[in-house]
1. With each pseudo-label sitting 7 Å past Cα toward Cβ, what's the ASP123-THR263 distance in nm, one decimal?
2. If one takes the longest principal axis of the Cα atoms in the chain, at what angle in degrees, from 0 to 90 and to the nearest 10, does the Cα axis of helix 338-350 lie?
3. Let me confirm the definition first: pairs of Lys residues in the chain, 8 or more apart or on different chains, C-alpha distance under 26 Å. How many are there?
4. Among ALA274, PRO315, LEU258, which residue has its Cα furthest toward the positive end of the charge dipole of segment 239-319, with +1 on Lys/Arg Cβ and -1 on Asp/Glu Cβ?
5. Taking θ as phi - 60°, what are the ³J(HN,Hα) couplings along segment 396-407 by the Karplus curve (6.51, -1.76, 1.60), each to the nearest whole Hz, with x for Gly and Pro?
6. Can you tell me the 0 to 90 degree angle between the C-alpha axis of helix 242-251 and the longest principal axis of the chain, rounded to 10?
7. Relative contact order of the chain: what whole-number percent is it, with Cα pairs under 8 angstrom and at least 6 residues apart?
8. Taking every eigenvalue of the Cα gyration tensor of segment 138-292, multiplying by 5 and rooting it, what semi-axes result, largest first, whole Å?
Amino acid sequence: MTQAFTSSAASRFLRYVTVDTQSDDRSESYPSTARQLVLLNQLVAELKEMGVADATIDQYGYVMATIPATPGREEVPVIGFVAHVDTSPDVSGAGVTPIVHRSYDGRDIVLPDDPSMVLREADNPELAEQHGHDIITASGLTLLGSDDKSGVAEIMAAAEHLMAHPEIPHGVVKIGFTPDEEVGRGTQYFDVNRFGARFAYTLDGHKRGELEIENFSADAMTITFKGFNVHPGYAKGKMVSAIKLASEFVHRLPRNGLSPETTDGYEGYVHPNAIQGGVEQATVKLLLRDFVTAGLDEKARMLTDLAEEVVRPFPAASVEIDRRESYRNMKEVLDRYPEVIDHAKEGMTRAGLTPYFRQIRGGTDGARLSFMGLPTPNLFAGEHNIHSRLEWTSVQDMDKAVEVIVEICRSWAEESDRT
Ligand SMILES: [Zn+2]
């Protein structure tokens, strides 16, 4: 069965990565870059070619399509599969030259266009699970784009497989391809009603078997310190420097915990990620992260107390605090729909994998979709070293993901037989 998938997901992937789809966080347009539309339009054409007749692209670039239910399965809950076409603004995605390294055996993989880029098993323990597999990398000058063109190629290959095999029972299956995930706007104009799925899965994860059902809850805080400027030659006893207030605040942040550098697993953090200003006014921007939303309140309180403490000795100084919600842990939604997770686990088991949970120490489009009314956990897509010139994926992981998609569709259909 696996062999039958190989040509489709991998050959699609090798074509899609050559299209530069980098998004741009400084752009005001939607999608943020027109080049993403090249691939999005191409996907519509390919879907139509395989017989998915209603494939469309809307004014924002969202591609949506429907694989009709097999006869008698029209009442099965409609499920969707979603992936994003854009690649990270952090590393060039122009002129990607994918290379297939056949039957990997633990050797160092040297990328030819920059031989200082070497993929070593010692630095990448996940490669140990890939012996005998075909690894795909870029050539050393760009990222690969496995994030998330692996997911795109897998969904396309699964669609092709379902269209070609009407004997596989499934309900209505929706397909969605989105722009601008990497700049945090992937779901901004996503019309959940028009998409028409009851539940969905993003294909945008890491190694085989991975199932992601929880992510950070996240807020952003801007703390503005207001000082008092006087000509520095005549400032004695009068000047209060906002630069020094902001520095003091950052200096007093916890050193041994609560920071990105000191936490992992389920630990949250506060992270000053931008600072700017002058004597009169200085702002510190912070990211707040916690798997429990109430934990964000605690962190916000701690930061507020700290900022107030810093200005307290200076009557001429003051502080203003602004806190905004960024995104929330999708587990808060998914806990109400255990069947979504159960079918994902069942699909993986049927594909011969042992599913395991990993928490996302960040956000995901699926989290936003979950809170927009479309519960959407994330499935592995075979992405490794994402946003890096050492990014890689494997043909066999991609084929496995295709198999998982097909088996999830089958699992939903068969469950409806029983109830
Ligand atoms: Zn991604």
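The values are calculated or read from the model by the stated rules, or taken from the named source; none is laboratory data. Keep in mind it's a predicted model, so treat the numbers as computed, not measured. FYI the Cβ positions are ideal-geometry reconstructions off the backbone, even for glycines, and counts take in every protein chain you see. Heavy atoms of the whole protein, side chains included, go into the accessibility calculation; ligands, DNA and RNA do not. Shrake-Rupley method; radii C 1.70, N 1.55, O 1.52, S 1.80 Å.
1. Spacing of the two 7 Å Cα→Cβ label points: 2.8 nm.
2. Between the helix axis and the principal axis of the chain, the angle is about 50 degrees.
3. Step by step, the pairs that qualify in the chain add up to 28.
4. PRO315
5. For segment 396-407, the Karplus curve yields 5, 5, 5, 4, 5, 5, 4, 4, 4, 4, 4, 5 Hz.
6. The angle comes out at about 60 degrees.
7. Details: 961 pairs, mean separation 98.1, N = 419.
The normalised contact order for the chain reaches 23 percent.
8. Details: eigenvalues 482, 59, 50 Å².
Gyration-tensor ellipsoid for segment 138-292: 49, 17, 16 Å.
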